Amino acid sequence: MSRSVLISGASRGLGLATARELAARGYRVFAGVRASGALPADTGAGEVLLDVTSQSSVDEAVQHVLREAGGIDVLINNAGLHAFGALEAAGEARFRELLEVNLLGAWRLTRAVLPDMRARGSGHVLMVSSLSGLVGLPADGQYAASKFALEGMSESLALEVQRFGVRVTLLDAGPYDTDMLRRDDSALHQLSSGRHGAAYEPLHRALLGQKRSGEPPRNAAGIIASVVDDPPDRLRIPIGPVAEQVFASLEIDRGERARRVALQAASAGWWIRGEEPE
């Protein structure tokens, strides 16, 4: 019987490429999209209406997959938004929207799926994060804030659910070619002409002048599918050559070892080890 996968944000870009790759590998893929008919017919996946900012939409989507597949083996939290621009010039509404989708959306969907995974004693939750969740850069503060928060939430989640047989993996993606970045161009123009924007206009102009490109989404999708095929013991996985270079520079493995040392002294260590309190 094919393992079931639910992926959010699957109508385009990395989400669509990952849905296609997993379907080609024999998984039963449920591709979450916000509008009916948004999933290309040749994807090989089943379309599921899913808006991660709506609890009712999340609940309906999860219940649909449970009815159809009998369980959810893998959840991929891929839905995300991006925003360029200096923090002083940023608008609060857009900032809140990023947090709503990138952080709370992943939390809502994960929370809805976990009861089934816990009951079956197995499951794999993958969080599509970014190097922006590890390193903050100029004009990337809104997105970085959402991804840094996702990284911290996922670290805690991994320790909370491992005793139930549920694995959590952070996928830290480097740059890949997607229209998510290209859609930021008009927003950058608005920022530079809006409140406080003039002070940062040279920075915004430089960003607009850059040729933004990266790895094809299908390359990243292949790495993600391999993680689904053979889940690693590590919490964080670099996606793409740039991510691998950054991981080496940040000594991510060393950080993981330091994290384990800190956990040994944690008052909740018994929980993490799957034991009962003394």
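Some notes on this structure:
- Residue in the stretch 136-152 that is of a type in the set (Asp, Glu) and either assigned to a helix (DSSP H, G or I) or surrounded by fewer than 18 Cβ atoms within 10 Å (Cβ to Cβ) (or both) present: yes
For every residue, the table says whether it meets (1) in a loop (DSSP other than H, G, I, E, B); (2) buried (at least 18 other Cβ atoms within 10 Å of the Cβ); (3) touching a strand residue (DSSP E or B) at 6+ places or on another chain (Cβ under 8 Å).
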| site | (1), (2), (3) |
| --- | --- |
| 76 | no, yes, yes |
| 84 | yes, yes, no |
| 93 | no, no, no |
| 99 | no, no, no |
| 103 | no, yes, no |
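- Search result, residues across the stretch 41-57 that are in contact with a helix residue (DSSP H, G or I) (Cβ under 7 Å, 6 or more places away or on another chain) and either over 9 Å from residue 10 (Cβ atoms) or of a type in the set (Val, Ile, Thr) (or both): 43, 44, 48, 49, 51, 52, 53, 55
- Looking only at the stretch 14-46, and only at residues there that are in contact with a Phe, Trp or Tyr (Cβ under 8 Å, 6 or more places away or on another chain) and not in a loop (DSSP other than H, G, I, E, B), the one that is farthest from residue 1 (Cα to Cα): 14
Yes or no, residue by residue, for (1) within 18 Å of the chain's Cα centre (by Cα); (2) modelled with pLDDT under 80:
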site	(1), (2)
199	no, no
204	no, yes
215	yes, yes
219	yes, no
228	yes, no
234	yes, no
243	yes, no
252	no, yes
260	no, yes
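- For the stretch 6-58, the candidate set comprises residues that are polar (S, T, N, Q) and in contact (Cβ under 8 Å) with a residue 24 or more places away in the chain; within that set, the residue that is farthest from residue 129 (Cα to Cα) is 43.
- Options 62, 48; residue that is surrounded by 18 or more Cβ atoms within 10 Å (Cβ to Cβ), β-branched (Val, Ile, Thr), modelled with pLDDT of 95 or more and farther than 23 Å from residue 167 by Cα: 48
- Candidates 113, 65, filtered to the one that is part of a helix (DSSP H, G or I), closer than 16 Å to residue 33 by Cβ and in contact (Cβ under 8 Å) with a residue 24 or more places away in the chain: 65
- Within the stretch 130-151, residues that are under 15 Å from residue 106 (Cα atoms) sit with their Cβ atoms under 7 Å from residues that are among the acidic types (Asp, Glu) and in a helix (DSSP H, G or I), at 6+ positions apart or across chains, in these pairs: 133/151.
The values are calculated or read from the model by the stated rules, or taken from the named source; none is laboratory data. Just so you know, these numbers come straight off a predicted model, no measurement behind them. Don't worry about glycine lacking a Cβ; one is built from the backbone with ideal geometry, like all the others, and counts go over all protein chains shown.
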